[in-house]
1. Since residue B:177 meets every condition but one in (1) crowded, with 20+ Cβ neighbours inside 10 Å; (2) in contact with a helix residue (DSSP H, G or I) (Cβ under 6 Å, 6 or more places away or on another chain); (3) more than 7 Å from every other protein chain (Cβ to nearest Cβ), which condition does it not meet?
2. Inside region B:81-134, can you point out the residues that are touching a residue at least 60 places away in the same chain (Cβ under 8 Å) and in a strand (DSSP E or B)?
3. Go through the residues of region A:43-59 one by one and say whether even a single one is within 14 Å of the chain's Cα centre (by Cα) and in contact (Cβ under 8 Å) with a residue 60 or more places away in the chain.
4. Which of the helices (runs of 4 or more DSSP H) found entirely inside region A:33-105 contain at least 3 residues meeting this: in contact with a helix residue (DSSP H, G or I) (Cβ under 8 Å, 6 or more places away or on another chain) and either within 14 Å of chain B (Cβ to nearest Cβ) or under 29 Å from residue A:3 (Cα atoms) (or both)?
5. Report yes if some residue within region A:114-122 is farther than 24 Å from residue A:7 by Cα, surrounded by 13 or more Cβ atoms within 10 Å (Cβ to Cβ), without any contact (Cβ under 8 Å) to a residue 24 or more places away in the chain and more than 7 Å from every other protein chain (Cβ to nearest Cβ); otherwise report no.
6. Which of the following residues is crowded, with 22+ Cβ neighbours inside 10 Å and more than 7 Å from every other protein chain (Cβ to nearest Cβ): B:226, B:220, B:248?
């Protein structure tokens, strides 16, 4: 199977899963921004995306995308390590080489750690509770996302941790988005600066949207 | 004290007796040279003094010394072919360095490029990739009249740019993953862009990529270090083209 056996195939898997996760982030951010303007509407969305079959199916597909992206990241990194068993005593980069591109694995690990924190803060208290059939203390406890946002971000240290996480996501995306197009062959000299610009714009919009929700949650707490 | 026409540098050079030996850096202090002497000539000067002292001279690859053969290598002060961009080591002059500077010289590090001795590495892996498909094998007949096969200026120029790759391996040396994608993609592109090369394009890209993977080169993570260090300024748009060619070829299977 060329997608697994060849170096280019493995990069295609990284690219496709990565772009899928970017699409999810855009959806997630758009949904969250609603919470800044209307708690009721946001909770309606949370209700809609509870433990219904379509939300569960979506979660499974999303989890598969995350797992594939991570597994292949480590697989590729291991092979890359084997390709240079002895390193240089000094290695410098030209100015064209961006720091994010050299540290995607480290950034990815930070993003993964942030994801675990985020799942504990929100998913474990909402959809997971519905999946395991827990009894709510009061009606709507597991779908009152707006209240959970206010409670979680009332702690300034949690807010700072999330903003740090978003910064890592920003760096990861600025390289990841254009890189996904390059790895799938959808790039050339004309489109390269355009794709880089699009990657920067998308990353910034996504991260600013999430940050706004955290700040609004803190202010309203 | 050095005059305007002379300078002294300290050379910290990787010495390794053979491919299996454990190498180490050796410092050669106060090597006399001039700003207009090339880096390789400075190594020649150092080697002469070593031979006079009865020591083993430093082994390094070189041939044309005109920047076109791709034989010279050397990882100098953290960069393949030294700090200058768009130039090979043989085109590197001592005026790039400061008087009294310590210059670190290492061989290129890649599992696919084992050290033969000192600074010389075995780049036979590139030959093997080229032999896997970097050619046109069908009979083209006699030489065509000029412009008998119409090729757009853009394609002709891009094919020419790709063909300027001298196969030196700086891309592999620069890449943190030891990936050979820039070299292979340049070789794939120089044929893929021209009608004569299209006939075997599908077979070529599959064979060359398979050989590259087999030889233990790393995976491309699009850091662009290869493009930035390439002495012939080969663009990573070639890598995108090769990815496209490879993915399309695999879908045709």
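Only the coordinates and a few stated rules stand behind these numbers; no lab work does. Please read all numbers here as calculations on a predicted model, not as lab measurements. Please note: Cβ atoms are built from the backbone with ideal geometry, for glycine as well, and neighbour counts cover all protein chains shown.
1. For residue B:177, the failing item is (3).
2. Within region B:81-134, B:102, B:103, B:104, B:105, B:106, B:115, B:116, B:117, B:120, B:121 meet the criteria.
3. yes
4. Hits in region A:33-105: A:53-83, A:99-102.
5. Scanning region A:114-122 turns up at least one residue that is farther than 24 Å from residue A:7 by Cα, surrounded by 13 or more Cβ atoms within 10 Å (Cβ to Cβ), without any contact (Cβ under 8 Å) to a residue 24 or more places away in the chain and more than 7 Å from every other protein chain (Cβ to nearest Cβ).
6. That would be B:226, the only listed residue that is crowded, with 22+ Cβ neighbours inside 10 Å and more than 7 Å from every other protein chain (Cβ to nearest Cβ).
Table: residues versus (1) closer than 25 Å to residue A:86 by Cα; (2) surrounded by fewer than 21 Cβ atoms within 10 Å (Cβ to Cβ).
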| site | (1), (2) |
| --- | --- |
| B:84 | yes, yes |
| B:102 | yes, yes |
| B:117 | yes, yes |
| B:123 | yes, no |
| B:136 | no, yes |
| B:141 | no, yes |
| B:144 | no, yes |
| B:148 | no, yes |
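Quick grid of which residues meet (1) out of contact with any helix residue (DSSP H, G or I) (no Cβ under 6 Å at 6 or more places or on another chain); (2) within 29 Å of residue B:234 (Cβ to Cβ):
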residue: A:114; (1), (2): no, no
residue: A:119; (1), (2): yes, no
residue: A:138; (1), (2): yes, no
residue: A:152; (1), (2): no, no
residue: A:164; (1), (2): yes, no
residue: A:177; (1), (2): no, yes
residue: A:198; (1), (2): yes, yes
residue: A:209; (1), (2): no, no
